[in-house]
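Since every read-out is calculated from the coordinates, none of them should be taken as a lab result. Since the structure is predicted, the reported quantities are computational estimates derived from the model, not experimental observations. Reconstructed Cβ throughout: ideal geometry from the backbone, glycine too, with neighbour counts over all protein chains shown.
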């Protein structure tokens, strides 16, 4: 026997023959039998008890010959290790795993193993010879009919179920390993990658992708050997059924790496996308077999065989079609950005996935910009928007201002095209609460109520004067002299009540010795148990004059300038104590600005529109008091847009005064 790099085979005439490895090209038929001096040798060739007639086929590890077992005079298929004497220990171990696995199986749809051993260092085993073709050859001319495909895979599933019951997982089920006899009977061959469950010896290694990419399961493609159980073969059976119905494997990529990625991460196409005439039930069976998660596939090969049997008998199958939502979800998982977030990014995305990925990337960028700059964007947006219907609470206004407010609302609508609704409520306090809660846009409010609230001033609107009305039977000119009297200070939440509470808080001695009754001031006209009342109204108003001409007079604040110092938004002034009497003396009191209030985040455009409507250049001077008559505006907490407006207004007035002075000189 020669000791060169070729492994020799000896026959009965001691002619020295050898097997030489060839390339693994698709059209290669396997090892070529050559003479030792490179002359081509004709068949038959004697190999032990076998006579080799011709090569039937070859794979990555083995080569199969048609042979005759001479002693039993029967045709067999004889398989050898393709690398011959150069076979590694791992190849030999895998070779005998196949032989032992197949030898222990006796099933009408599994190729039987007759004998295995070694001749002159060449390992072999002989098998039942199937006179026919493999399924791969059959499919090379196109797909087969759905009933025949279902029958083939049903028989294969029953054979696989039998192998599983013997503790053997095939792990390399593919059309090339499925033989079809001339009587259309299918057989499973090639157990070279078989895994014996509960065995302490395994020819495979974790992390190694074993099998044929188009037909291996995701757990095989990812090299997860420990989780390659019965569901692995069920997946491959589904892939064989897919190929039988469509003429192509579920995944057919240009290279091995792309194929592996596709098996692990991409969803297979639906059978009816390729062949719309395929029955829906058969498509559902295929989809169930090809689920990425083993738990979502058939629980056993028997269950798959039963479903195929129901299909062949035109009975309902257990597999259900994929819902549109599931299809969208599975498709979306293949978009690269989503794949990255789920830890499954790789190659092989379709053009539609790449297009969707571009749109999603743009969305993510825009979302990031929006999150990063949400405050400036929100600020810029709100500053350009006016609500379609602007609402303003007006409970703080006296009856005399109703007409002026209606005129203001008309001007606002004329300038902006937006309606301004004037809404009175139970009291002024309720108006402020509505604005704070975002249920109203604007509200009238006395200036003393802005500081304790979360609101800001849009504009001072007008002033109301503090009147303390006392019955004539009580003498005195100042409120401090009314000790022990019952004083109506207005209902809780009313403007008068709010002002009195602010005065009591900032100047406690003013009302300390009086009995303050939370009741409307008008009640003093009909109730004798009330001695005095606090009224907010414009000085010289009709209602005040009517009271002063009957049995009432006014008392003042002892030191109004001190009150103004403590509450800067108030303006000290003097009014007659008895209107209509020539000798009536003057008393000290304060004017209280009534302002338009809003939330600090109110639209700057809304605020500017309000100010433009209030300070319209075409309006006459007496329609609304100028801001100089509504208190010390510098002390008010103004909206940012209002600050800019009044600063510009002040600068224009200063410039006009300077120009007038220069012209006078």
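Here are some notes:
- Its Cα gyration tensor gives the range 387-665 an equivalent ellipsoid, and the semi-axes of that ellipsoid, as √(5λ) in whole Å with the largest first, are 33, 23, 17.
- Normalising by residue count, the range 376-506 has a Cα convex hull of 134 Å³ per residue.
- Inter-centroid distance (Cα atoms) of the range 233-264 relative to the range 487-541, Å: 89
- Ratio Rg/Rh, restricted to the range 133-322 and using Cα atoms, in which Rh is the Kirkwood radius: 0.93
- Packing-based order for 402-410, 104-112, using average beta carbon neighbours within 10 Å, highest first: 104-112, 402-410
- Per-peptide packing, taken as the mean over residues of other Cβ atoms within 10 Å, places 256-265, 487-496 in the sequence 487-496, 256-265 from highest down.
- The peptide list 228-240, 498-510, put in order of mean Cβ contacts within 10 Å with the highest first, becomes 228-240, 498-510.
- In this entry, the range 482-568 is assigned a mean projected area of 5.8 nm², taken as a quarter of its C-alpha convex hull surface.
- Shape call, the range 496-547: gyration tensor on alpha carbons, a/c limit 1.5: oblate
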